[in-house]
Amino acid sequence: MYEQLKHLAHRPDAWSVSTVKELWTRPHLAKEMLKYHLSQETEHSSRKIDQIDAIVAWIDTQLELSGKRVIDLGCGPGLYARRMARRGAKVTGVDFSANSLEYARTRSMDKLEYLQADYLEDELPDGFDIATLIYYDFCAQAPAARQKLLGRIHDLLNPGGHLVIDLYGPGAFDAVSNHVEIEDRLMFGFFAEGEYIGIHKTDVYPKEQASLDRFFIIEPGETWQIFNWAQYYTPESVVEELGEAGFMVNVMTGGLDGEALADDSKTLGVIAEKA
């Protein structure tokens, strides 16, 4: 235990270790993540329904969803995909969580299909007019993975196609700080069904404009960790990173509901065109 705690006390190099899939592939965590996605009491893993409605409505005003082919990457339980399909888009939702897709398929509809796949690794269809990547999924990826993902999105879009994405903005970075907490059954049993002690350690990386939320879970018979990274952006860094991947930013707001952009925006909502 000493060596494990010593390891926890030292922060890793930025983006040197990742457990992105753990939240969706451990059976208990997968159930809890779905529960949090559907909850109207918290925004831990998703937005509330009225916000999702507003986001899809705003996207529709910008890109006219009706008749468009849309790929919703990291679609989870289909909260955005269903609403885009209701507005006339032909939507393909992509996610690697079997648990979330099982839920989504029970509420499927015309013009909507789901594909279980890792959007970084698995073969994907192409010929889309719009690709969406919503609720900061992009920000959880390491720099090399982000560039790979942007390249894949560029390839699956038609000429003149659009990427719709939301990112953590300057205000979100200003709000994060180094801290440690330790709790019996941290987050009210989110991490395991039985007894456990959870340690949550946040490290901020000013040079990289990134942070790491590290969860060290101590169960009676097992100890394990989750590394949850976040990349934060300024309007300038968004334009630069997307531009390097062949995208031109058309619209940038303080959120995908069209909120005005400000110096302290916690979210950057972006529509970028395939160049």
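Read-outs: derived from the displayed coordinates by stated rules, not from any lab. Model, not experiment: these values are computed from the prediction. Quick reminder, even Gly has a Cβ in these numbers, built from the backbone with ideal geometry, and neighbours come from all protein chains shown.
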Taking the dipole of the chain about the Cα centre (Lys, Arg +1; Asp, Glu -1; charges at Cβ), the one of Pro143, Ser46, Gly76 that reaches farthest to the positive side is Gly76
By per-residue mean of other Cβ atoms within 10 Å, what is the highest-first order of 53-66, 12-25?
-> 53-66, 12-25
For Ala145, put the label point 7 Å out on the Cα→Cβ axis and report which residues of region 101-123 keep their amide N under 19 Å from it.
-> 101, 116-123
Could you give the nm distance between label points at Val180 and Thr223, where each point is 7 Å from its Cα heading toward the beta carbon?
-> 1.3
Among the trypsin sites (Lys or Arg not before Pro) within region 191-275, which fall in a DSSP loop and have no more than 11 other Cβ atoms within 10 Å of their own Cβ?
-> Lys207
Using 1/(1 + (r/R0)^6) with R0 = 35 angstrom and r between the beta carbons of Asp13 and Thr106, what's the FRET efficiency to the nearest 0.05?
-> 0.25
Protection-proxy order for peptides 84-97, 146-159, each taking the mean of Cβ atoms within 10 Å per residue, highest first = 84-97, 146-159
Quick one: grab the alpha carbon gyration tensor of region 70-181, order the square roots of its eigenvalues as a ≥ b ≥ c, and give me rounded if a/c is under 1.5, else prolate or oblate depending on whether a/b is larger than b/c.
-> prolate
Extension gain Asn250-Arg86, at 0.36 nm per residue separation less the Cα-Cα distance, in nm?
-> 56.5 nm
Work out the length of the dipole vector of region 183-275 about its Cα centre, built from +1 on the beta-carbon of each Lys and Arg and -1 on the beta-carbon of each Asp and Glu, and round it to the nearest 20 debye.
-> 80
Would you work out which of Val270, Phe173, Gln116 lies farthest towards the positive end of the dipole of the chain? Charges go on Cβ: Lys and Arg +1, Asp and Glu -1.
-> Gln116
Given 20 °C and 1.002 mPa s, how large is the Stokes-Einstein diffusion coefficient of the chain in µm²/s, with Rh as the Kirkwood radius over Cα pairs?
-> 110
Rounded, prolate or oblate: pick one for region 119-268, where a ≥ b ≥ c are the square roots of the eigenvalues of its C-alpha gyration tensor, a/c under 1.5 means rounded, and failing that, prolate if a/b is larger than b/c, else oblate.
-> prolate
All-pairs alpha carbon distance profile, region 210-275, 10 Å steps from 0, percent | 19, 34, 23, 14, 10, 1
Using a ≥ b ≥ c from the Cα gyration tensor of region 72-132 (square roots of the eigenvalues), is it rounded, prolate or oblate, where a/c under 1.5 gives rounded and otherwise the larger of a/b and b/c decides, a/b for prolate?
-> oblate
Report the percentage of all Cα-Cα pairs in region 1-60 whose separation exceeds 18 Å, rounded to a whole percent.
-> 61
Hand me the GluC sites (Glu not before Pro) from region 114-181 located in a DSSP loop with no more than 15 other Cβ atoms within 10 Å, in residue order please.
-> Glu121, Glu123
Distance violations [Cα-Cα > 20 Å] among Lys6/Lys201; Lys21/Lys274; Lys6/Lys207; Lys35/Lys68; Lys31/Lys266 = Lys21/Lys274; Lys6/Lys207; Lys35/Lys68; Lys31/Lys266
Roughly what % of DSSP beta bridges within the chain run antiparallel, to the nearest 5?
-> 65
